[in-house]
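Single-structure report; data block below.
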Amino acid sequence: MRDVSGSSFGRRPGFLAVLCVAALAWIYGVAFGPAAAEGLTPSQKLAFDVYKELVEINTVTATGDTATAAEAMGARLRAAGFAEDDVHVFSPAPHKGNLVARFRGTGARKPILLVAHIDVVPASREDWSMDPFKLIEQDGYFYARGSGDDKFMAASFIANLIRYKQEGYKPERDIIVALETDEEILDRDALGIQWLLKNHRDLIDAEFALNEGGGVGLKDGKPIRNSVQTSEKVSLSYALTVKNKGGHSALPVKDNAIYRLAAGLTRLAAFSFPVSLNETTRAYFERTAQMEGGQLADDLRAVLSGQTDPASVPVARLSANPSYNAQLRTTCVATMLEGGSAVNALPQLATAKVNCRIMPGEPVDGVKATLERVLADDQIVVTQIDQPTLSAPSALSDNIIGPITKLSAEFWPGAVVLPIMSAGATDGSYLRNAGIPTYGHSGLAGDVGESRAHGRDERILVKSFFDGDEYLYRLVKALSGGQ
Ligand SMILES: [Zn+2]
């Protein structure tokens, strides 16, 4: 820069300086992304560096390498002075890796577990506006596959563990970080969280866990809610089968496997499970009513006050919205259909598959009986076709919600702390199933109308990254109560 401004263009140094800064910002900011890394505190710089390293390792579940990512995070911890015994990198299959690290406290209380998955869903360069496996900073955002889901949490947990170590922090309980693989495929090969629970339960055993699943919602840039996911519905599927002796289609009879099944499915379509609230959905409805006001608030309050008759107007209105309907009750819906074997033969077999999402903590056995009652035809045989991962809701206890509420008010004033139940499933269900209460809570703020996780040009706000990192640093300190 000095060379240029000393040249014949030196009479316009201001203009040139602007040009140079713009050029440098373009070269470094757009191409390499360290603009955010300038003017950072040492701890912000550390978080940024760990994050950049992690998102730039391709960890697509089927084709990437979570073992390399787990090893890289392990190496950072060892370099920061963590003992070999406290940093474990496991590779249960080629290219698959899990990391478990422990920051030791006084042992006065049972450990806290911080969980993040390091695998990501696929992303192709052709679909994206940029390379999905480079950390790009642009327009106030960090772009990369996994930038929000879930490498923000993974990087923040690692960077903060190093920060605690550097400070000589002594918590009252051990702080365990587990970075796991295969969450994006629901750990179907049992190489991620299930592998850790089965083979190294002792290393990850904790009083409770923090995981992904709840973040801060911004509306027009203002924080309106800070979610805590405490429970998930239980997924369970059934086959409905009707058998018949069949015959020639030229001689039809009234007793037809397809008709019987169709009639049963029509009865199922008209049926709704009874309204059933739990601690989380009650709190969710109460606080949503506070936030929203109007007709919606009136309907939610009617249900909260015990008006749960499905024919009542408030319940009917809420049930018409798929999101609220899923919070109100167990649902079962037909998703697959098959029947007959030839166009000129009466069907000997007709089957449908039905997927149910059962309210957590409710007995699943009753669902099959309900289906049989609603189908109302003993020729329709109902068979359970998969095994549920049962998970009771994690309690909204004061020693967890208290510190969250206090700290949230400091970081995002006015945002309502909102307990939520997921209608879908995350790996939190495996932890809850294993008796470790789990709270989905990231401190990562994003616009409520924008969801790019799993989509193209996944991104998070740069400001949200640094705020969220500091929030998690402080929250884990508050929850681990040392000095
Ligand atoms: Zn995720």
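Readers should treat all values here as calculations from the given coordinates under stated rules, not as data from a laboratory. Here the structure is a predicted model, which means the values were calculated and not measured. Positions of Cβ are generated from backbone atoms using ideal geometry, with glycine treated the same way; all protein chains shown enter the neighbour counts.
With viscosity set to 1.567 mPa s at 4 °C, what whole-number translational diffusion coefficient in µm²/s follows for the chain from Stokes-Einstein and a Kirkwood radius over Cα pairs? Estimated diffusion coefficient is 52 µm²/s.
Fewest first, what order do ILE193, ILE185 take by the number of other Cβ atoms within 10 Å?
Exposure proxy ranking, most exposed first: ILE185, ILE193.
For ASP365 and GLN290, what is the calculated FRET efficiency with R₀ set at 45 Å and r taken between the beta-carbons, to the nearest 0.05? Spell out each step's value before the answer.
Working: r = 37 Å, r/R0 = 0.81.
So the FRET efficiency works out to roughly 0.80.
What the Cα convex hull of the range 277-336 gives, in volume per residue, is 87 Å³. Within the range 391-459, all pairs of alpha-carbon atoms sorted by distance into 10 Å bins from zero give the percentages 15, 41, 36, 8. Against the longest alpha carbon principal axis of the chain, how many degrees, from 0 to 90 and to the nearest 10, is the axis of helix 365-375 turned? In the chain, helix 365-375 runs at an angle near 50 degrees to the longest axis. State the answer as a single residue: which of SER464, ALA83, ILE420 lies farthest towards the positive end of the charge dipole of the chain, with beta carbon charges of +1 for Lys and Arg and -1 for Asp and Glu, about the Cα centre. So the residue furthest toward the plus end is ILE420. Taken about its Cα centre, the chain carries a charge dipole of roughly 460 debye when the Cβ of each Lys and Arg holds +1 and the Cβ of each Asp and Glu holds -1. For ARG267, put the label point 7 Å out on the Cα→Cβ axis and report which residues of the range 232-259 keep their amide N under 16 Å from it. Counting only backbone N, you get 240-243, 255-259. Checking the a/c ratio against 1.5 first, then a/b against b/c, what shape does the Cα gyration tensor give for the range 192-248? Verdict is oblate for the range 192-248. Bridges between two residues of the chain, per DSSP, are antiparallel at a rate of about 65%. Within the set LYS222/LYS477; LYS151/LYS368; LYS96/LYS219; LYS151/LYS233; LYS151/LYS222; LYS110/LYS406, which residue pairs have Cα atoms separated by over 32 Å? The answer is LYS151/LYS368; LYS96/LYS219.
Whole-percent P(r), the range 189-334, all Cα pairs, 5 Å bins from 0: 2, 7, 12, 13, 12, 11, 11, 10, 9, 6, 4, 3, 1, 0. Sorted on the mean count of surrounding Cβ atoms within 10 Å across their residues, most packed first, peptides 252-260, 430-438 read 430-438, 252-260.
Backbone phi angles across the range 97-103, fed through the Karplus curve with coefficients 6.51, -1.76 and 1.60 (θ = phi - 60°), yield HN-Hα couplings of x, 10, 10, 10, 10, 10, 9 Hz in residue order; Gly and Pro are listed as x. Translational D (Stokes-Einstein, µm²/s) of the range 430-483 at 20 °C and 1.002 mPa s when Rh comes from the Kirkwood sum over C-alpha pairs? Rounded to a whole number, D works out at 159 µm²/s. Can you give the FRET efficiency to the nearest 0.05 for ARG456 and LYS245, using r as the Cβ-Cβ distance and R₀ = 60 Å? Here the calculated transfer efficiency is 0.70. Report, in whole Å, the centroid distance computed from the Cα atoms of the range 461-477 and the range 277-296. A separation of 27 Å, based on Cα centres. A protection proxy built from the mean count of other Cβ atoms within 10 Å ranks the segments 300-308, 231-239, most packed first, as 231-239, 300-308.
Quotient of the Cα radius of gyration of the range 317-441 and 2.2 N^0.38 Å, N being its number of residues: 1.48.
Ranking ALA269, GLY246, SER235 by how far each Cα lies toward the positive end of the dipole of the range 226-299 (charges on Cβ) leaves GLY246 at the top.
Only the Cβ atoms of Lys and Arg (+1) and of Asp and Glu (-1) were treated as charged; on that basis the dipole of the range 341-481 about its Cα centre amounts to roughly 140 debye. Specify whether the C-alpha gyration tensor of the range 84-190 places it in the rounded, prolate or oblate class, a ≥ b ≥ c being the square roots of the eigenvalues: rounded for a/c under 1.5, otherwise prolate if a/b is larger than b/c and oblate if not. Oblate is the answer for the range 84-190, as a/c is 1.5 or above yet b/c matches or exceeds a/b.
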